[in-house]
1. If you take the residues of the range 80-118 that are among the basic types (Lys, Arg) and in a helix (DSSP H, G or I), which of them is nearest to Glu34 (Cα to Cα)?
2. Val114 is checked against (1) at positive phi; (2) surrounded by fewer than 16 Cβ atoms within 10 Å (Cβ to Cβ) and fails just one. What number does that condition carry?
3. Would it be correct to say that Glu125 is without any contact (Cβ under 8 Å) to a residue 24 or more places away in the chain and open to solvent by 40 Å² or more (accessible area, probe 1.4 Å)?
4. Out of all the residues in the range 144-181, which are open to solvent by 80 Å² or more (accessible area, probe 1.4 Å) and either in contact (Cβ under 8 Å) with a residue 60 or more places away in the chain or assigned to a helix (DSSP H, G or I) (or both)?
5. Across the range 17-37, what is the total count of residues that are modelled with pLDDT of 90 or more, part of a loop (DSSP other than H, G, I, E, B) and exposed (fewer than 11 other Cβ atoms within 10 Å of the Cβ)?
6. Taking the criterion of being of a type outside the set (A, V, I, L, M, F, W, C), under 17 Å from the mean Cα position of the chain (by Cα) and open to solvent by 40 Å² or more (accessible area, probe 1.4 Å), would at least one residue in the range 67-75 satisfy it?
7. Take the range 46-58 and flag every residue that is out of contact with any Cys (no Cβ under 7 Å at 6 or more places or on another chain) and open to solvent by less than 10 Å² (accessible area, probe 1.4 Å).
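The values are calculated or read from the model by the stated rules, or taken from the named source; none is laboratory data. Worth saying up front: this structure is predicted, and the values here are computed from it rather than measured. Cβ placement follows ideal geometry from the backbone for every residue including glycine, while neighbour counts extend to all protein chains displayed. The protein model used for the area step is the full one, side chains on, heavy atoms only, and it has no ligands, DNA or RNA in it. Shrake-Rupley method; radii C 1.70, N 1.55, O 1.52, S 1.80 Å.
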Amino acid sequence: CFIVNEDKGKPFNDQKSIIPSLLPEKPSRHELFEKKWPITKPFHQQIEFERIMKFNPIVPDELVSRLLVLIHPLIQDQLVWKNDVVLFKENENVQSYLKVEKHLSRFIIIVRGVEYQRCIDFLDEIINHFNQVCDKYKSISMKEMIRSPHSYSTEIEIDQVKQDQSKYLICPETHLPIHSDKLLFDSGFKETFSKINGIIYLFFLLNKNKNK
């Protein structure tokens, strides 16, 4: 368990502690969550990265609980549930949303911010804590993935994307084209995605849809 940030420094009897394993599921609607982490990236947060950790066979039940013990000082406004948590580094203006989707056997890390390097550093920090927790599960395998932009539940292995840089991949689910550079950019592996590549990708995508 851990003490919520807002109660640190208060008398012991006034402090509120959180036991991660007893946290409730995140409700489908939550006003403060939707305010602090809107579905669409806010204009002032110019950068957003996403990484997916795909587990085989399942995501360990205690994964989030153990991770929360390591990262709890960063929890924003007590936005924490059994499988979801919002993190914030005020001095660096970076934010993250972590969630487990058990039905898809995956753990998702999304980072938002203004400065590229600070977002990368925060992402690396979270992944280091994540790997520290995962070291305890020797019988479970895990791969780092990137989500297909055409299908929410479809992932592509990062190693495959890195091997095919500057080439078009095909979404396994929709069979639509995906530019590997764009995937690397969206996941924080590449700092830029050229406008020329973006225009070519958009043209290719529109042409593909037109011919279906």
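1. Start the filter on the range 80-118 by keeping residues that are among the basic types (Lys, Arg), which leaves 82, 89, 99, 102, 106, 112, 118.
Keeping just the survivors that are in a helix (DSSP H, G or I) gives 102, 118.
Values: Lys102: 22, Arg118: 23 Å.
Restricting to residues being among the basic types (Lys, Arg) and in a helix (DSSP H, G or I), the top hit is Lys102.
2. Val114 satisfies every listed condition except (1).
3. On the way: without any contact (Cβ under 8 Å) to a residue 24 or more places away in the chain: yes; open to solvent by 40 Å² or more (accessible area, probe 1.4 Å): yes.
Criteria met by Glu125.
4. Matches in the range 144-181: Asp159, Gln160, Lys162, Gln163.
5. 2
6. First pass over the range 67-75, keeping only residues of a type outside the set (A, V, I, L, M, F, W, C): 72-73.
Narrowing further to those that are under 17 Å from the mean Cα position of the chain (by Cα): 72.
Add one more test, that the residue is open to solvent by 40 Å² or more (accessible area, probe 1.4 Å), and what stays is none.
There is no residue in the range 67-75 that is of a type outside the set (A, V, I, L, M, F, W, C), under 17 Å from the mean Cα position of the chain (by Cα) and open to solvent by 40 Å² or more (accessible area, probe 1.4 Å).
7. Filtering the range 46-58 for residues out of contact with any Cys (no Cβ under 7 Å at 6 or more places or on another chain) gives 46, 48, 50-58.
Ile52, Met53, listed by residue number.
Here is a yes/no grid of residues against (1) farther than 18 Å from Met142 by Cα; (2) assigned to a loop (DSSP other than H, G, I, E, B); (3) touching a Gly at 6+ places or on another chain (Cβ under 8 Å):
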position: Ile39; (1), (2), (3): yes, yes, no
position: Pro60; (1), (2), (3): no, yes, no
position: Leu67; (1), (2), (3): no, no, no
position: Gln78; (1), (2), (3): yes, no, no
position: Asp121; (1), (2), (3): yes, no, no
position: Asp124; (1), (2), (3): no, no, no
